[in-house]
Amino acid sequence: MKDQEFFDRVESVRKKLYAIAYPYFNSESMAVDAVDEAIYKGYLKKKQLKQPQFFETWLVRILMNVCNTKYKHYKKQVGIEELPEDASPSEIENLPLKEALMKLPEKYRQVILLKFFGGYTIVEIAELTECPQGTVATRMRKALGLLRMELEEEEVA
Amino acid sequence: MNRWDELNQMMNEVKAMPEMMEMPVVTKRVKKRVWRHRALVSVRNLAIACVVLVGGLSIGVNTSKSFADSIKNIPLIGRLVEAVDFSESYQEAINKEYLTKIGKVAHTKVGDVVLSYAMADDKNMVLFFDGDWKKKGYCLFIDSLTDADTGKEIEHGTASADVPYLSEKEIENTTIQAGVSWREYHKNVAISFSIRDKEAQKEVAENVKMTFSNRDKLPAKEYVINKKFEINGLRYQINKVTMYPLSTEVEVKYLDEDDLEFSRTVDMEFTLSDGKKTVGKHYLTSCAYFADGDDKSTHKEYLDGGYYWSKKKLKLGLKYVMQLPESRREVTLDLNNNTLYDEHGLLKDFKVKHNGKKVVITTNKPLWDEIYNSDPFGYVRDAKTGETSWITAELTSGEIQEPREYQYIYEIKELSMDENGLVHFVRNYPEYIVHPKWSMEIDTQK
């Protein structure tokens, strides 16, 4: 993939990348930093992408990895404690959504961000996270349950 | 406000993209970073190629079978100084015991590695390793550095540390030096390194980790200069000189370069002299381009000597300035008749051939190669959009005889060719190399 094609493709997904990265840190500069890092890593590895039609999936995966790595350092710095997977909604119900999202277990937070900020369907999230659709749907239900957000069954599926 | 309202509000917030996410800005930032990455890779490759790069040092420390027995095996500072050909500033720093004794041992598959000493300032760190090396020809690569206090990865540039070639002697243990450039001082550092067998081209030990502490940071000394000068009609201003214990930073503003896509000043190099000895560019820090800020007209040059070097008055000199007028920047490669030309006509210093997927551009070793180690053309410009993209050439040099030929081989697939078979290059190398007789005195006692 030539440079120009790479950056053209980046341009078409950059809003989505920023939207996914932002809620990790609730910080404009940190989100920009994470997106930069993902594009930079993608650029260096662009020769490894054999099928350009999967560019978006590939770059979003890189971004998720970057965000997760950065978030691990970030939560240590600011003292965020993630909830265990079997936590109850009462543990975060009084927190603003921004903070509650940050406390969600990583795999729950991931599906929420991809669905609502990335605009992906469950099928697409399953591809992005390389998980079965059923697993993604279960995580989505649990995440929404923890946040006390109800969705119609067909919306989850 | 319920959870859905909060979610909608958050989604609206992220719809407003910051200016930093505008595509030209993103592209520029990422390209700059890629460029820096490639510069660092070049440094690393160069380090592999040269047995002696950072310091070129070799000392037999002792004949102990294992360094892990005790840190008493760490060479004495005196022996380090005697045996190692450091830069002037480093030698003085070592003489004055600016070094911190570390003595941390890591057990690896190829023997124990001891981090004996470390010394650092705001821009550099030098690490001295001793190893019970069982085989000659290993390199030590620093893979990552982390600030042990914050847990954050430290952005850095490194040159590998090579075990020197010691075929004539049965020396089992050697001290090697690894240079690191970084943006700011870190006292407590976690390091991860690997050891590579150069001949076999593979890692023989990976993910070797240790944590150590540098001494407390010493303050920098800043001298505000605000001195203007002009070369070939281009104006410059030296804003300030900052001296650290081991290195010196010169901040220069290019006063006539603000609105250009590519600066007309290709490079400049300063020197620092105490009257007897002169030091020049700090190899690693300058290569890493760590100081580049958002303001592209302000440049920081790094010199290989800090205030530990000399307490005398020092003379800051300008060794050379390399310039390239805008009219010489755009070069066309015509593959129909294998020629290169710019606005002023044919570039006669080059011969061009193209062979299958390769374009071979040959030149005799030109003056600019002496001091500016770079491909002659670094970008191609798309004829329709005007956008530039990065290109690199494979360099092969001829026999060591004069005139020496250099061949730069570009891959056709990387070159954007227009419908007429023309490739529009952006030139890297300078047209003018000026050696101005300019200097000024810096009183380091102030």
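List of remarks:
- Net charge of Cβ neighbours under 9 Å - reference B:LYS319; Lys, Arg +1; Asp, Glu -1: 0
- Extension gain (nm, one decimal) between B:GLU394 and B:GLU441, 0.36 nm per residue minus Cα-Cα: 12.7 nm
- Remark: mean inter-chain Cβ contacts per residue of A:68-77 equal 2, using a 10 Å Cβ-Cβ cutoff to other protein chain atoms.
- Taking the convex hull of the alpha carbon positions in region A:1-80 and averaging its projected area over all directions gives 5.0 nm².
- About the centre of its Cα atoms, chain A shows a dipole size close to 660 debye [charges on the beta carbon of Lys, Arg (+1) and Asp, Glu (-1) only; nearest 20 debye].
- Net +/- balance of residues flanking B:ARG328 in space, Cβ distance below 10 Å, scoring K and R +1, D and E -1: -2
- Rg/Rh ratio calculated on Cα atoms of region A:41-120 (Kirkwood radius): 1.07
- Judged by the mean number of other Cβ atoms found within 10 Å, the most tightly packed of the peptides A:81-88, B:186-193 leads the ranking B:186-193, A:81-88.
- The mean number of Cβ atoms from other chains found within 10 Å of a Cβ in peptide A:42-54 is 1, as a whole number.
- The local environment of A:ARG109, defined by Cβ-Cβ distances under 10 Å, has a net charge of +1 under the rule Lys, Arg +1 and Asp, Glu -1.
- Take each residue of peptide A:12-23, count the partner chain Cβ atoms within 10 Å of its Cβ, and average: the result is 3.
- Highest mean first, the peptides B:240-248, A:95-103 sorted by other C-beta atoms within 10 Å per residue fall in the order B:240-248, A:95-103.
- When each of A:GLU37, B:GLU326 is scored by the number of other beta-carbon atoms lying within 10 Å, the sequence from fewest to most is B:GLU326, A:GLU37.
- For chain A, the spread of Cα coordinates along the three principal axes comes to 51, 37, 20 Å, biggest extent given first.
- Least to most buried among B:ILE412, B:ILE231 (fewest other Cβ within 10 Å first): B:ILE412, B:ILE231
We did not get these values from a lab; they are worked out from the coordinates using the rules stated. Values in this document were obtained by computation on a predicted structure and should not be read as measured data. Note that each Cβ is placed from the backbone with ideal geometry, even for glycine, and that neighbours are counted across all protein chains shown.
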